[in-house]
Amino acid sequence: MTMLEERTSVTPAAEDLPLIISVDDHILEPRTLWQEQLPASLRDRGPRVVREKVSVEFIGGKFTMNRN
């Protein structure tokens with residue numbers, strides 16, 4: 001193997017690579033996940049999605065929220 005061949009071979013073997021675990025991924029759970037999967041005794045304490053009719057405005061550098 002020539003020096004040129006050694007320098008252009010930049011792909012390391014998989015076992016030489018470090019294990020990388022991404023912790024910045026975003027997962028969207030189903031809205032009813034906790035109400036369906038928690039034991040019945042804990043369901044009222046689990047997180048939940050609550051949808052309310054509100055409008056948000058950004059005026060003059062400030063956010064305002066109005067319930068409709």
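Packing, as the average of other Cβ atoms within 10 Å across residues, places the peptides 50-57, 27-34, 16-23 in the order 27-34, 50-57, 16-23, highest first.
Multiplying the residue separation of Val23 and Arg48 by 0.36 nm and removing their Cα-Cα distance gives an extension gain of 6.7 nm.
Computed on segment 27-68, with alpha-carbon pairs under 8 angstrom and 6+ residues apart, the relative contact order is 27 percent.
Where a number appears in this text, it was derived from the coordinates with a stated rule and is not lab data. In this text the structure is predicted, and so the values were computed from the model without any measurement. Positions of Cβ are generated from backbone atoms using ideal geometry, with glycine treated the same way; all protein chains shown enter the neighbour counts.
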